[in-house]
Amino acid sequence: MSKTKAKKRASTADEVWTPKRAVIITVGGNALPLNQLILSAREYALKAGVDQVYGVFRGYVGLMSVDFKRARKERANYVNITTGYPYSARGGTFLRCYRGSPCRDSGRRDVDPKLASRLVGNLNHLKANILIVIGGNGTAAATAKLDEYLRTTHKGKFLVIFLPRTIDNDIGFKDEHGHTKEILCPGYPSAVSNVSRVAEDIIVEAEATERIYLVQTQGRDSGWVAAAGARGRAQHQLIPECFEEVKTRDVVKLVETTRDQDGYAVVTVSEGLKKDPSKGSKKSNYLGQTGPGRAVRNTADSIQDSFIKFGGPPPLPHKPSEARRDYVKVHHSDYDPRTGSPSRYDLQLAELEASFVEKIIKECKGCKKGQVPDRTVPVLPLGKVVRWDDLGDHCFTRVRLDSLVSTNVPDGYLDKDNFRCNAAFRDLLYTITSGPERAGG
């Protein structure tokens with residue numbers, strides 16, 4: 001390396017970092033408070049001294065798929081949101097959400113230099129040096145790798161801010177002792193309200209017809225969404241955390257007992273359940289599931305077949321010799337957690353989380369580019385969750401971006417013997433659904 005280039009690189013690292021423009025993207029699946037997060041992040045970025053704020057459509061994919069400099073105006077995937085777009089109470093995201101990242105193999109490997117180069121080129125075209133990423137646990141891992149890549153290759157020129165949100169609530173962090181801590185993410189309070197309302201509505205039908213209803217929810221690797229059925233008085237929650245060496249007959253027997261006692265049974269089921277080690281197969285779960293979404297149907301069939309085989313369900317009065325083959329019903333509630341308007345608790349949670357954008361930008365302002373502080377993420381630990389009227393930024397803590405990990409429902413919230421959540425978890429659900437139910441809009 002020539003002395004001129006070395007001197008230029010050293011002087012670049014010594015330059016003082018100042019905020020210019022910011023870009024906001026939403027990555028991953030939909031969540032109800034996304035608009036609130038976008039617009040709150042915009043407001044706090046402007047308060048921190050940012051000149052203009054841009055929103056890029058379709059997440060990382062939109063930021064990498066088109067060269068903004070060469071694209072025609074109608075093909076450019078961005079919009080200036082410095083002013084306008086005042087509908088924060090509306091569910092979803094006006095920037096659209098899309099899965100994808102600048103990492104190879106959907107974020108499970110290192111950053112792809114070609115994709116990162118396109119991303120950096122588009123940021124430079126917009127004259128932006130702040131990237132605000134809103135996403136879930138997969139996005140967190142990819143963003144951490146991108147941040148490390150940019151710090152290494154661009155010497156602190158870009159500030160990456162990550163704001164967690166997910167309906168699955170499957171994000172946590174490792175503390176200084178290496179222990180995993182669970183948090184409450186924007187998106188989950190609204191999901192709890194929606195799933196619990198579905199469960200309560202299904203109970204009306206189940207009780208009237210003396211049937212068993214299985215309500216399928218999202219949750220491939222964790223059961224936070226299905227566990228929310230406990231808020232809606234569903235008697236059991238079949239979630240991955242409860243299944244390690246469980247047999248089909250155990251589930252059938254428990255549901256049968258509940259139906260005999262209450263006259264009906266409503267069970268929420270995660271779309272993904274852990275494998276049954278006793279079957280020695282890596283392709284199916286304990287009920288023969290071969291892919292997400294089949295768990296609830298296989299559960300229903302197993303219960304129905306078992307009841308018919310052992311003479312379980314009571315026969316119809318006008319057909320005493322025939323077994324009831326419509327005794328078990330399935331209700332698909334996969335997308336209910338993502339529909340409607342966000343709850344008041346969710347809006348307030350999103351507003352408080354986004355408020356840390358201003359703090360993070362101001363902390364980095366004036367630092368030398370090569371000495372920008374480590375990236376931190378605002379999170380609300382479950383131990384600090386309070387009612388909506390007591391919620392404030394003092395409840396939050398900040399953790400390193402690379403400390404974020406995937407989490408499951410902790411054992412302290414589960415009654416595994418009865419396939420349900422315990423009183424402590426129900427108290428948490430009641431707390432995060434406190435206050436006005438909907439924000440309207």
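The values are calculated or read from the model by the stated rules, or taken from the named source; none is laboratory data. Everything numeric in this text was worked out from a predicted model, so none of it was measured. Methodologically, a virtual Cβ is constructed for each residue, glycine included, from the backbone with ideal geometry; neighbour enumeration extends over all protein chains shown.
At-a-glance table
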{"read-out": "Flag if Arg297 is modelled with pLDDT under 80, surrounded by 16 or more Cβ atoms within 10 Å (Cβ to Cβ), under 30 Å from Ala208 (Cβ atoms) and basic (Lys, Arg)", "value": "yes"}
{"read-out": "The one condition in (1) assigned to a strand (DSSP E or B); (2) surrounded by fewer than 24 Cβ atoms within 10 Å (Cβ to Cβ); (3) under 23 Å from the mean Cα position of the chain (by Cα) that Arg220 fails to fulfil", "value": "(1)"}
{"read-out": "Test: Ala228 is at pLDDT 70 or above, part of a loop (DSSP other than H, G, I, E, B) and within 12 Å of Cys421 (Cα to Cα)", "value": "no"}
{"read-out": "Residue in segment 33-44 that is modelled with pLDDT of 85 or more, of a type in the set (Phe, Trp, Tyr) and assigned to a helix (DSSP H, G or I) present", "value": "yes"}
{"read-out": "Some residue of segment 344-354 being surrounded by fewer than 21 Cβ atoms within 10 Å (Cβ to Cβ) and of a type in the set (A, V, I, L, M, F, W, C)", "value": "yes"}
{"read-out": "Of all residues in segment 413-435 being in contact with a Phe, Trp or Tyr (Cβ under 8 Å, 6 or more places away or on another chain) and not hydroxyl-bearing (Ser, Thr, Tyr), the one that is modelled with the lowest pLDDT", "value": "Gly435"}
{"read-out": "Matching entry among Arg9, Arg70 (being modelled with pLDDT under 90, outside the structural domain of Gln348 (by TED's automatic domain parsing) and farther than 21 Å from Ala354 by Cβ)", "value": "Arg9"}
{"read-out": "Wholly enclosed strands (runs of 3 or more DSSP E) of segment 332-429 bearing at least 2 residues in contact with a strand residue (DSSP E or B) (Cβ under 6 Å, 6 or more places away or on another chain), over 27 Å from His154 (Cβ atoms) and without any contact (Cβ under 8 Å) to a residue 24 or more places away in the chain", "value": "none"}
{"read-out": "Subset of segment 408-430 that is within 19 Å of the chain's Cα centre (by Cα) and within 20 Å of Ala350 (Cα to Cα) - its residue that is surrounded by the fewest Cβ atoms within 10 Å (Cβ to Cβ)", "value": "Leu428"}
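Let's see how each residue does on (1) basic (Lys, Arg); (2) in contact (Cβ under 8 Å) with a residue 60 or more places away in the chain; (3) touching a Leu at 6+ places or on another chain (Cβ under 6 Å):
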site	(1), (2), (3)
Lys174	yes, yes, no
Ser193	no, yes, no
Thr209	no, no, no
Arg220	yes, yes, no
Trp224	no, yes, no
Gly232	no, no, no
Lys253	yes, no, no
Asp260	no, no, no
